[in-house]
Amino acid sequence: MSLSTRYSRQELFAGIGTAGQERIRAARVAVVGCGALGSALAEMMVRGGAGAVTVIDRDYVEASNLQRQSLFDESDVARGMPKAAAAAGRLSALNSDVVVRGIVADLAVDNAGDLLAGHTLVLDGTDNFETRFLVNDICVREGIDWVYGACVGAYGLALAVRPHVSPCLRCVLEEMPPPGSSPTCDTAGVIAPIVHVVAGIQAAEGLKLLAGHPEALLAGIVTVDVWQGTFEVMDLRGQKPWCPACTSGRFEYADAAAAPTAVLCGRDAVQIRAPRGGAVDLPALASRLASVGEVNANEHLLRFSAPGAEIVVFRDGRAMVKNVRDVAQARSLYAKYVGA
């Protein structure tokens, strides 16, 4: 397919033009999290012709995702596909001109620097502030532009961050909200229209940056409610970055010790992370567990169910212990069925 034809309508837009499209084609974009926002963001970046798009996600596709996560279908649920793997296959089919890479991983302190290195732009498709504050630290430290986004119910927010030029997420929020203090999609629900509105704002801000037009960025943090019909922008123009990361080079979230376990926000599940570099022989584990419970496996992960236990084990040794919120109980189940 002719590239001049593929992107012709985008190039006709005065804000991008042929020069802007060339800049977009030279860019490398990382989408962190491939749920609702991440699906829409990754698709827009691939359709828009970014040179390379990396999708990073730790989760797998479930039936409750299909209402709003546009890259997945029922076959992904049936196969228990990791979101990053399913997304990479679909995105590659959308545009063979783009180098698409899907990484099934939990972006955390011990790998975030490596996973985000070399990217021109980072787009936030995550569902928790722990990861967002980590991404903010890495991007501010490495000078990578990024666009924050979040939505729940019918309400959403977005903010483009230019390190050392505009206020970052930590400047605006100051401290990471404590766990359980904010509603989540799993506790308050979410409707698809707000997902696409927020992702559209994020993608537009991203295209402005990639095309070389930072002067066109919105004035600050955007808030929108599609049910109430409100759209507001908190004007941050003229305000210099003021947080410890921006002013003093203190990156507490990037420099923190990696947590081996975490209660997943808004879900009755605990994630257990294996030491970096660890790997699990999934076929061997499936064979061993088949005698004590129900096992479903593919090349990326294994799902195991037994009385009192439901565990998803990924190839890198990471696991999600479902229907549990107590870390000690989760670690006990992991040790019992997977190994210490």
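The values are calculated or read from the model by the stated rules, or taken from the named source; none is laboratory data. Computed from a prediction, not measured in an experiment: that's the story for all the values here. Because the Cβ atoms are built from the backbone with ideal geometry, glycine has one as well, and the counts that use them run over all protein chains shown. Only protein heavy atoms, including side chains, enter the accessible area calculation; ligands, DNA and RNA are left aside. Shrake-Rupley method; radii C 1.70, N 1.55, O 1.52, S 1.80 Å.
Values for this structure:
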quantity: LYS240, LYS208, reordered so the largest accessible area comes first (probe 1.4 Å); calculated: LYS240, LYS208
quantity: Ranked order, ARG23, ARG170 - accessible area, probe 1.4 Å, largest first; calculated: ARG23, ARG170
quantity: Loop-located GluC sites (Glu not before Pro) in the stretch 212-318 whose Cβ has at most 12 other Cβ within 10 Å (DSSP); calculated: GLU299
quantity: Proximal charge balance of LEU218 [Cβ under 15 Å; K/R count +1, D/E count -1]; calculated: -2
quantity: Largest-first ellipsoid semi-axes for the stretch 276-340, taking √(5λ) over the Cα gyration tensor eigenvalues, angstrom; calculated: 17, 15, 10
quantity: Alpha-carbon centroid distance for the pair the stretch 263-334 / the stretch 22-60, whole angstrom; calculated: 28 Å
quantity: Local electrostatic count, TYR148, Cβ distance below 9 Å [Lys/Arg +1, Asp/Glu -1]; calculated: 0
quantity: log₁₀ of I(q)/I(0) at q = 0.14 Å⁻¹ - the stretch 80-158, Debye sum with one point per alpha carbon; calculated: -0.56
quantity: Translational D in µm²/s for the stretch 169-287 (Stokes-Einstein at 10 °C, 1.306 mPa s, Kirkwood Rh from C-alpha pairs); calculated: 85 µm²/s
quantity: Debye intensity ratio in log₁₀ form over the Cα atoms of the stretch 139-216, taken at each q of 0.22 Å⁻¹; calculated: -1.07
quantity: Relative contact order of the stretch 64-111, pairs being alpha-carbon contacts under 8 Å that are 6 or more residues apart, as %; calculated: 29 percent
quantity: Distance from the stretch 222-237 to the stretch 77-103 (C-alpha centre basis), Å; calculated: 32 Å
quantity: Gaussian network model of the chain, Cα within-10 Å springs - most flexible of GLY249, GLY212, GLY125; calculated: GLY249
quantity: Residue-count net charge about PRO183 - beta-carbon cut-off 14 Å; Lys, Arg +1, Asp, Glu -1; calculated: -2
quantity: Mean separation of Cα contacts under 8 Å, 6 or more apart, over the residue count of the chain: relative contact order %; calculated: 14 percent
quantity: Average Cα contact separation per residue, the stretch 1-160, under 8 Å, 6 or more apart, as relative contact order %; calculated: 23 percent
quantity: For the chain, radius of gyration divided by Kirkwood radius, i.e. Rg to Rh on alpha-carbons; calculated: 0.97
quantity: Ellipticity estimate at 222 nm from DSSP helix runs (n ≥ 4, -39,500 (n - 2.57)) divided over the chain, nearest 500; calculated: -10000 deg cm²/dmol
quantity: Only Lys, Arg (+1) and Asp, Glu (-1) charged, at Cβ; the chain dipole about Cα centre in debye; calculated: 460 debye
quantity: Rg/Rh ratio calculated on Cα atoms of the stretch 41-105 (Kirkwood radius); calculated: 0.96
quantity: Ellipsoid semi-axes in whole angstrom, largest first, where each is sqrt(5λ) of the Cα gyration tensor of the stretch 199-245; calculated: 21, 17, 10
quantity: Debye log10 I(q)/I(0) for the stretch 232-273, one point scatterer per Cα, at q = 0.15, 0.25 Å⁻¹; calculated: -0.69, -0.86
